[in-house]
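No lab work stands behind these numbers, since they all come straight from the coordinates. None of these values were measured; they are calculated from a predicted model. With ideal geometry, Cβ positions are generated from the backbone for all residues, glycine too; neighbour counts draw on all protein chains shown.
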Amino acid sequence: MPPKADINKAGWEQSEFPILCETCLGNNPFIRMSKQEFGRECGTCARPFTVFRWNPGAGMRFKTTVICQTCAKTRNVCQTCLLDLEYHLPTQVRDTALGVSNEAPTSDINREYYAQNQEIMFAGGENKLNDGRASSAGREMLKQLARTEPYYKRNRPHLCSFYAKGDCKRGSECPYRHEMPVKNELSQQNIQDRFFGRNDPVARKILAGHAETQGVQPPEDESVMSLFLSSLPASATEGTIRARVIKSLPGVEPTSLRSIVHVAKSRCAFVNFKDRASAERAAEAWANGLDMDGERLGVRWGRSKNTPAQAPAPAAAVDDDDTA
Ligand SMILES: [Zn+2]
Ligand SMILES: [Zn+2]
Ligand SMILES: [Zn+2]
């Protein structure tokens with residue numbers, strides 16, 4: 001019997017089927033789900049929701065939903081693994097590529113308020129993630145990084161901690177995996193961080209690896225904190241470049257931008273950051289280029305001022321003196 005409408009339960013969620021990615025659902029076509037209404041509090045908004053539990057396939061561990069459907073929908077993620085439903089990537093990777101900000105609330109009260117607002121926004125079709133204006137360079141990056149096949153290995157039982165210590169007495173009866181642990185970054189992450197896409201070591205690794213394949217890996221000289229943009233639209237000004245840069249980097253504080261040096265006649269600009277980390281985040285976000293007024297800007301790192309004497313930089317039309 002479903003509970004009667006109760007004013008104290010406003011916003012509590014009942015649902016018939018969970019929102020899951022293919023991997024979490026598993027490869028068993030005859031899947032049976034157990035369902036518990038208001039079974040626990042959502043891991044992000046703390047409101048009670050309908051919890052589902054199932055076995056995703058032979059030899060796999062039971063999986064369960066950990067966040068409510070409202071939260072899952074607002075971030076377009078799986079209720080269990082919290083990866084993006086379309087690209088199967090951590091939200092931090094997706095949001096970086098699309099230049100989407102998450103405006104994560106910090107306190108519990110704000111969290112519930114945030115969830116309610118998100119619910120209203122979602123009902124009104126204002127989901128920022130479905131915003132068609134997202135940069136095409138960002139979408140291209142996501143397509144390159146997306147995991148297209150389900151990854152069922154992720155559903156395997158957890159590692160046996162007794163085995164790791166050398167004294168599991170359960171032998172072949174042990175339901176946990178008898179393998180030595182490799183440092184698993186995912187297991188050290190909390191739900192909040194994964195949901196809001198912050199402090200995610202897996203995302204860090206994916207983004208840094210992609211920057212490298214795109215030829216924008218950070219130079220060894222840590223004093224280089226500038227990125228060089230080329231092929232700017234003829235209409236670009238320092239102001240429009242600044243606006244574009246800030247909008248495309250929601251994870252980077254605008255105050256960490258030191259200056260923009262626009263060289264209009266060469267249609268290029270230097271974006272100078274105050275700290276190295278911000279420059280690295282920008283290079284990762286722009287690994288596939290940066291779109292501006294229909295143009296795809298080229299992006300590369302500024303040059304080191306400490307270029308070794310034996311390898312003098314060739315004279316360039318643009319002097320990369322980025323101390324402006
Ligand atoms: Zn929730
Ligand atoms: Zn999942
Ligand atoms: Zn064991």
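Ranked by the mean number of other Cβ atoms within 10 Å of their residues, highest first, the peptides 78-89, 263-274 fall in the order 78-89, 263-274.
Inter-label distance, residue 147 to residue 230: 3.6 nm, where each label sits 7 Å from its Cα along the C-beta direction. With kT/(6 pi eta Rh) evaluated at 10 °C and eta = 1.306 mPa s, and Rh the Kirkwood radius from Cα pairs, the range 221-301 diffuses with a coefficient of 128 µm²/s according to Stokes-Einstein.
If R0 is 45 Å, the Cβ-Cβ spacing of residue 238 and residue 173 corresponds to a FRET efficiency of close to 0.05. Between Rg and the Kirkwood Rh of the range 154-233, both from Cα atoms, what is the Rg to Rh ratio? Ratio of gyration radius to Kirkwood radius: 1.22. 3J(HN,Hα) couplings calculated from phi for the range 154-161 with the Karplus curve 6.51 cos²θ - 1.76 cosθ + 1.60 (θ = phi - 60°) are, in sequence order, 5, 8, 5, x, 5, 6, 7, 6 Hz; Gly and Pro show x.
Computed from phi, the 3J(HN,Hα) profile of the range 17-28 under the Karplus parametrisation 6.51, -1.76, 1.60 (θ = phi - 60°) reads 8, x, 9, 10, 7, 4, 5, 5, 4, x, 9, 8 Hz, with x in place of Gly and Pro. In this structure, the pairs whose alpha-carbon distance is over 30 Å, taken from 73/274; 35/247; 63/169; 73/205, are 73/274; 35/247. With a cut-off of at most 11 other beta carbons within 10 Å, and DSSP calling the residue loop, which trypsin sites (Lys or Arg not before Pro) in the range 19-86 qualify? Please list them. Taking the range 19-86 and a limit of 11 other Cβ atoms within 10 Å, the loop trypsin sites (Lys or Arg not before Pro) found are 32.
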